[in-house]
Amino acid sequence: LYYEILENRLSTLFIHHHCIWIFTIGDADDKPSVPHAHAQGTGYRLDAWTGDIYPTGSERKRTIGKLSKKELARLHSDPGFLKFARKQIQWYRENNPKINFYVPEWFTTLTRRSELATIKQEEVADVFAFVGKSHVKSEM
């Protein structure tokens with residue numbers, strides 16, 4: 001029953017330009033960012049650092065929308081996202097050592113500080129979901 005309610009709610013949320021963004025550990029693509037998310041139902045891709053939204057497929061330059069500034073700030077301050085992002089960046093660097101990619105200085109500084117304060121590594125899930133209000137251009 002919960003799944004059916006959630007399914008109906010997802011359709012309504014998307015119509016109102018709310019997207020459910022799914023981040024996954026092991027996503028081997030570094031575009032548009034590491035980490036990045038895919039919108040459930042559409043496959044749009046979200047740059048986790050800028051909030052830019054890209055269409056489904058291999059398009060790498062044309063943006064079709066943007067996460068609102070408020071939502072991007074909410075994502076960046078979410079402890080679950082911060083832990084997830086650190087884990088995905090570590091995974092990506094270990095598996096793709098010759099590929100350089102952008103990580104904002106604020107994130108690097110923040111994670112260094114928290115690594116010094118944390119003695120044992122916490123278990124972090126391999127999937128992180130974020131519901132955020134987006135402004136997506138109509139493709140009509």
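The values are calculated or read from the model by the stated rules, or taken from the named source; none is laboratory data. What you are looking at is a predicted structure, and each value in this text was computed from that prediction instead of being measured. Ligands, DNA and RNA are stripped out before the accessible areas are found, and what is left, the full protein with its side chains, is counted by its heavy atoms. Shrake-Rupley method; radii C 1.70, N 1.55, O 1.52, S 1.80 Å.
Details
- Interchain or long-range residues, amide H under 5 Å from Val103's placed H: none
- Available extension along the chain between Thr109 and Ala125 is 3.5 nm, counting 0.36 nm per residue and deducting the alpha carbon span.
- Whole-Hz Karplus values for the stretch 73-86 come out as 5, 5, 4, 5, 9, 7, x, x, 5, 4, 5, 4, 4, 4 Hz, taken residue by residue from phi with 6.51 cos²θ - 1.76 cosθ + 1.60 and θ = phi - 60°; glycine and proline positions read x.
- Accessible area per residue for the stretch 21-127 is 58 Å², calculated with a 1.4 Å probe on protein heavy atoms, without ligands, DNA or RNA.
- Residue-span extension gain [Ser68 to Thr24] - 0.36 nm each, minus C-alpha spacing: 13.7 nm
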